[in-house]
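Read through the structure below, which is laid out as structure tokens, and then see the notes.
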Amino acid sequence: DDDVIPIEVEADKTGATIDRNVFGQFAEHLGYGIYGGVWVGKDSKIPNVRGIRKDVVSALKAIKVPNVRWPGGCFADEYHWRDGIGPQSARRATVNANWGDSGEPNTFGTDEFMDFVSQIDSEAYVSVNVGSGTVQEAADWLAYMTAPATSAAGKERAANGHPEPYKVRYLGLGNESWSCGGAMRPEYYTDLMKRYARFVRNYRPEQMEKGAEPMQRIAVGPNGPDTAYTEQVMKTWTEHDWAWNIEGLSLHSYTTGGWPPSMSSTDFDRNAYASLIKETLGMDGMIASHSAIMDKYDPDKKVPLVVDEWGVWLEPAPGTNPGFLIQQNSLRDAIIAALNLNIFARHADRVRMTNIAQMVNVLQAMILTQDEKMLLTPTYYIYKMYVPFQDARFVPVNFDAGTYREGNVELPRVDAIAARGKDGKLWLAVTNLDPSRKATISASFDGLAIKAVSGEVLTGPKVNSINTFDNPNMVVPKPISGTVRKNSVTVDLPAKSVAVFRLDE
Ligand code: AHR
């Protein structure tokens, strides 16, 4: 059958580890991302633990969120942490001028965020205010979070209910400093970056010691393809010494279909589907070009590229506040998520952390809520199906994807990655991009004898199929299996689908 696509899995070779942090999330004070989506307050009739939604926590636990970036985004560069600590009734209400001029009650602050992170068994990625704050303010914040309970900062934290220092594993030194974070020349940013890297200390002893689990400081990096920050930050990094260092370079790149985003998240045809997929596949070349610059300064790949904002950014859902960035999430978005995760996996040696934008109710969300209701999006299920790839070792695959064509857009028919999981099993993820044609895959494993194959597939009736509060199970994973022959496994992938298989030897 010449319609079979052979995939050769080089099962005896392993590459870089696909860091679990590649599956990170981003939660900004924006629209209903925090308020309503995560935080409902202790007195809410919505079931909660200390004000944090139970349903959202349990859904997030199931996808093993490795880290959560907070409080922004653009919001972070106008955030003053003191507004969000102490007795709830005394919190200072402000205005979220970045996002719809909504009221910011500051009822969700540092202690609530840390509680949330611990409820979902994740780690904190805190972005400090470089744009409108001071080095001192950020240093004081880190002292509040991490200094011993015997210090003044630690006493204040203890008085707010948490004597134990918090763990701050990742620290963002500003956000988009080339734009909403202060529109800085790269040279100006790196001067400022060094001061933040020097003085914003983490006081938890095991994080100060070398080798243990040091805090990773992540510098602002490129805006999409623009390499100005990549060059300047990496050149500056080569000059680091005992006094300061950075341990990550951020990249922000959204899939938008043009700016400002005007593509509908629900109402689109095959042309729009194909062109958005085409655009998202550009992530590969973009990472490659920044990586090449990073290699020049850092051939040993000490500094990870942290894609801490990415995802599909579409037209705001009709009738919603455009500043709240609310959009539906379709099967197309799930396919786009899988394709990007595959790209990150192929760059696992350099891309060791990413944060999809954003976790709940904003942009390409995992979860949508409406008062007490919650739904899981198609993108959520990709994160769920890909859990075995967290901290798995990349295994090379070779295939001729073939092409499918829509108008003048030409795309690969399929995409695939494989990895050796922490559980010792071999895992294979295959996407069939073609919206109308099934794909028969025949995977071979370099002589490995495969005994059984089992998996899950995510698809739906149409590329724009969505889950709604009334019909939340339109796009959910279903079991899929295949035929095991001597040294190969044959599976039929439905059109427009993503499947993840476990191979038992
Ligand atoms: O994710 C929404 C916004 O996109 C973030 O606040 C900002 O960093 C980026 O421009």
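FYI, it's all coordinate maths here, none of it is from the lab. These figures come from a predicted structure and were not determined experimentally. Here Cβ is always computed from backbone atoms with ideal geometry, including for glycine, and neighbour counts include all displayed protein chains.
For segment 175-271, the helices (runs of 4 or more DSSP H) that sit wholly inside it and include 3 or more residues that are within 24 Å of MET294 (Cβ to Cβ) are 186-199, 228-237. Taken over segment 14-71, the criterion of being under 21 Å from ASP308 (Cα atoms) and of a type in the set (Asp, Glu) is satisfied by ASP19, GLU28.
Does segment 352-359 include one or more residues that are over 15 Å from the mean Cα position of the chain (by Cα), buried (at least 21 other Cβ atoms within 10 Å of the Cβ), of a type outside the set (Asp, Glu) and farther than 30 Å from ALA495 by Cβ? Looking through segment 352-359, none of the residues is over 15 Å from the mean Cα position of the chain (by Cα), buried (at least 21 other Cβ atoms within 10 Å of the Cβ), of a type outside the set (Asp, Glu) and farther than 30 Å from ALA495 by Cβ. When VAL351, VAL360 are checked against the criterion of being away from the ligand (no atom under 16 Å from the Cβ), in contact with a helix residue (DSSP H, G or I) (Cβ under 7 Å, 6 or more places away or on another chain) and of a type in the set (A, V, I, L, M, F, W, C), VAL351 stands alone in meeting it. Of GLY41, GLY36, GLY24, all but one fail to be at positive phi and in contact with an Asp or Glu (Cβ under 9 Å, 6 or more places away or on another chain); the exception is GLY36. The strands (runs of 3 or more DSSP E) located wholly in segment 1-111 that include 1 or more residues which are away from the ligand (no atom under 16 Å from the Cβ) and without any contact (Cβ under 8 Å) to a residue 24 or more places away in the chain occupy 94-96, 102-104.
I'm checking my understanding of the structure. Among residues of segment 233-275 that are of a type in the set (Gly, Ala, Ser) and free of Cβ contacts under 8 Å to residues at least 60 places away in the same chain, which one is nearest to MET193 (Cα to Cα)? Ranking the qualifying residues of segment 233-275, first place goes to ALA243. The residue that is surrounded by the most Cβ atoms within 10 Å (Cβ to Cβ), counting only those in segment 177-201 that are among the aliphatic types (A, V, I, L, M) and within 16 Å of the ligand (Cβ to nearest atom), is MET184. Scanning segment 307-326 for residues that are within 13 Å of the ligand (Cβ to nearest atom) and on the phi < 0 side of the Ramachandran plot turns up VAL307, ASP308, GLU309, TRP310, VAL312, TRP313, LEU314, PRO316, PRO322, GLY323, PHE324, ILE326. Considering only segment 218-231, how many residues are farther than 30 Å from GLU315 by Cβ and surrounded by fewer than 19 Cβ atoms within 10 Å (Cβ to Cβ)? Final tally of qualifying residues: 1. Checking each residue in segment 389-412 for being touching a residue at least 60 places away in the same chain (Cβ under 8 Å) and part of a loop (DSSP other than H, G, I, E, B) picks out GLN390, ASP391, PRO396, ASP400, ALA401, GLY402, GLY407.
Yes/no per residue for (1) within 16 Å of the ligand (Cβ to nearest atom); (2) surrounded by fewer than 20 Cβ atoms within 10 Å (Cβ to Cβ):
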{"site": "THR236", "(1), (2)": "no, no"}
{"site": "GLU239", "(1), (2)": "no, yes"}
{"site": "TRP242", "(1), (2)": "no, yes"}
{"site": "THR255", "(1), (2)": "yes, no"}
{"site": "ASP269", "(1), (2)": "no, yes"}
{"site": "ASP295", "(1), (2)": "no, yes"}
{"site": "ASP300", "(1), (2)": "no, yes"}
